[in-house]
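The values are calculated or read from the model by the stated rules, or taken from the named source; none is laboratory data. Quick caveat, the model's predicted, so the values are computed rather than measured. Heads up, the Cβs are rebuilt from the backbone with ideal geometry, glycines too, and the neighbour counts pull from every protein chain shown.
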Amino acid sequence: MTPEPFAPPREQHNEDSSQLVMVIASWMLAGATAGTSLGATLQLFGLFKGVVVAIAMGTAVVAAIAGAVIFRWERAHSLTHRPAIIDGRGRLSRPLNVWLLGTPILIAIPSLLWLAIVGSLSTDSLFTGFAFLMASSALAWAGRKLISGHFLARGVEALELGDAIGAAERLEILQGRWWATKASRTAAWMNLGVLSVQRGDLPSALYWYELIDSGEATRAFATVGRALVKVLQDEFDEGERLLLEAMTGSASRVIQTQADEVRLLLVLRRDGAEEARQLGERLLGPGAGSLFLGVLAAARARSGDMPGARSLLDSGAEDSLRATGLGKVVPEIRELLPAQGIY
């Protein structure tokens, strides 16, 4: 399903509101942690007594106000400087700038580490210090996820802006970093596989897809990608085996559209235009992807139905095939487009 280009105002408002609450809470906790660290230090050295709570509350309020102001500025800035991308819920959104949540983490971690020392000295208990150390470790782990998500978002944003080369460079950097999370690294591999197919680099596409080994739906999608590569390399038996493997799991419904595209191309290349046309007409529906429509158009054209082929391409499939480069990668589709002067 194609997401709507703009979320309804109430939905967009709710999304910004939840992000605002998250940012304010993060900054408030960071401010409270820094204030507690300062107050505990002053109290430990006997400079002031009973000031920990007052300082912590004051710094928390100041930090919360600062977070809210910075959030409003960042959201206004992102509307004109960052493209919207599809989030994990399938909706268009603009990710928060990494510093909105990264700054509180950078403030809180050293504060917690210092509190581990001060707390242990004040209470004569290593347990207090250990608790603060665990809290700082948890924040460091959250920071790792935040940085990974930031690099992934930047790569996807480059794709939205049409900079496929820049996107591939950023994603390759991300997947090779030791601090990248498994989820971000897997997403990078998936996108790199798709980009490699689109530019016709089939060995690289196969390499990236074969690295994916986590997440049932993700593995199934990668398996379909490997099947597409094998079909494009005229290894039909292996392509069919991979398709069957992808469709036997519980994620088969999620990848049905992509699997139908590869299956139709397989039938066209192995069994001929008439067989592919019959299959394509049976499977044709409102959710058909551009590759499916392009392959069916090729089958119609080779069966003598050029007007029918043209009608499929004119429905929007041609623009998508141009944009993704799949019209160049699949020879059967490329035959229909030479007069357009795009390759």
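Based on this model, can you work out whether LEU112 counts as farther than 25 Å from ARG219 by Cα and crowded, with 19+ Cβ neighbours inside 10 Å? Against the criterion (farther than 25 Å from ARG219 by Cα and crowded, with 19+ Cβ neighbours inside 10 Å), LEU112 qualifies.
Scanning segment 254-283 for residues that are of a type in the set (A, V, I, L, M, F, W, C) and under 13 Å from ALA299 (Cα atoms), we see that the one that is farthest from the chain's Cα centre (by Cα) is ALA273.
All of LEU283, LEU244, LEU296 fail the test of being among the hydrophobic types (A, V, I, L, M, F, W, C) and buried (at least 19 other Cβ atoms within 10 Å of the Cβ), apart from LEU296. Inclusion of GLY58 among residues that are surrounded by fewer than 17 Cβ atoms within 10 Å (Cβ to Cβ) and either part of a loop (DSSP other than H, G, I, E, B) or modelled with pLDDT under 80 (or both) is not warranted.
With the condition kept exactly as written, say whether any residue in segment 248-259 is of a type in the set (Val, Ile, Thr), surrounded by fewer than 18 Cβ atoms within 10 Å (Cβ to Cβ) and outside any helix (DSSP H, G or I).
yes
Considering only residues that are in contact with a helix residue (DSSP H, G or I) (Cβ under 8 Å, 6 or more places away or on another chain) and either in a loop (DSSP other than H, G, I, E, B) or not assigned by TED's automatic domain parsing to the domain that holds SER148 (or both), which ones fall in segment 178-209? The answer is TRP179, ALA180, THR181, ARG199, GLY200. Step by step: first the residues of segment 332-343, then only those that are surrounded by fewer than 18 Cβ atoms within 10 Å (Cβ to Cβ) and out of contact with any Lys or Arg (no Cβ under 9 Å at 6 or more places or on another chain), then the one that is modelled with the highest pLDDT. Which residue is that? Across segment 332-343, the extreme among qualifying residues is PRO338. Against the definition (assigned to a helix (DSSP H, G or I) and crowded, with 18+ Cβ neighbours inside 10 Å), how does ARG263 come out, yes or no? The answer is yes for ARG263.
Can you pull out every residue in segment 39-54 that is of a type in the set (A, V, I, L, M, F, W, C) and either within 17 Å of TRP99 (Cβ to Cβ) or touching a Phe, Trp or Tyr at 6+ places or on another chain (Cβ under 9 Å) (or both)?
If the condition is that a residue be of a type in the set (A, V, I, L, M, F, W, C) and either within 17 Å of TRP99 (Cβ to Cβ) or touching a Phe, Trp or Tyr at 6+ places or on another chain (Cβ under 9 Å) (or both), then ALA40, LEU42 are the ones that fit.
Report yes if ARG226 is crowded, with 20+ Cβ neighbours inside 10 Å, among the basic types (Lys, Arg) and touching a residue at least 24 places away in the same chain (Cβ under 8 Å), otherwise no. Criteria not met by ARG226.
Could you tell me whether VAL295 is touching a residue at least 24 places away in the same chain (Cβ under 8 Å), hydrophobic (A, V, I, L, M, F, W, C) and within 27 Å of THR218 (Cα to Cα)? Against the criterion (touching a residue at least 24 places away in the same chain (Cβ under 8 Å), hydrophobic (A, V, I, L, M, F, W, C) and within 27 Å of THR218 (Cα to Cα)), VAL295 qualifies.
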